[in-house]
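Notes follow once the structure below has been shown.
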Amino acid sequence: MGRREELLCDEEERWAELTAEIERLSPEERERPGITPEGSSSKDLVWHCAAWCEELATVLEEMRADTFRQEDHDLDEAATDARNRELFDESRLMSWAEVEARATEARRKVHAAWAALPEIDDEAARWFAEEGPEHYTDHLADLRRWMARLHAD
């Protein structure tokens, strides 16, 4: 298995882990805040990951077109926090079905952009891993800690 396939498998496995945990929740629990210090629900987390997948798809498309410039995507902590607050506000207005559909579409875009890259260099691999499977894993840990507290009560 090559690097492209390996990273794609990792992304698919981490996403499956995240969504499997969420599927264990009732519809009401999916809306319940408290997973992160900012008060995210599991619905908020899925939208957050999906929106960053959309950013990743853009980056990968720019890499393929040879128009990628790192400085166009560098966000300091304040800008990242502001973007995450925007995503949090957006998800509050969305239904679970809409979040799921948009997450599916965002991941489809990422997979297509990933497949279209002529080669996988270190920069592409870093972006894909950080915004995909590593990002999901971070939030999966948050979700599991919250679920343990939820079910301990």
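FYI, it's all coordinate maths here, none of it is from the lab. Note that this is a predicted model, so its numbers are computed, not measured. All Cβ positions, even for glycine, are placed from backbone atoms using ideal geometry, and neighbour counts span all protein chains on display.
Brief remarks on what is shown
- Nearest-ten-degree value, helix 122-131 long axis tilted from longest Cα axis of the chain: 10 degrees
- Inter-part distance where segment 103-131 and segment 28-78 are each reduced to a Cα centre, Å: 13 Å
- The long axis of helix 77-92 is offset from the longest Cα principal axis of the chain by roughly 60 degrees.
- Cα-based helix-to-principal-axis angle, 42-65 vs the chain, degrees rounded to 10: 0 degrees
- Net charge of Cβ neighbours under 13 Å - reference GLU38; Lys, Arg +1; Asp, Glu -1: -2
- Coil-residue GluC sites (Glu not before Pro) of segment 73-123, DSSP, other Cβ within 10 Å capped at 12: GLU119
- Here, segment 1-135 yields an orientationally averaged convex hull projection of 8.4 nm² when only Cα atoms define the hull.
- Shown here for segment 112-144: chymotrypsin sites (Phe, Trp or Tyr not before Pro) in loop regions (DSSP other than H, G, I, E, B) with at most 14 other Cβ atoms within 10 Å, of which there are none.
- In the chain, helical runs assigned H by DSSP with n ≥ 4 each contribute -39500 (n - 2.57); averaged across all residues and rounded to the nearest 500, the mean residue ellipticity at 222 nm is -25500 deg cm²/dmol.
- Computed on segment 15-145, with alpha-carbon pairs under 8 angstrom and 6+ residues apart, the relative contact order is 41 percent.
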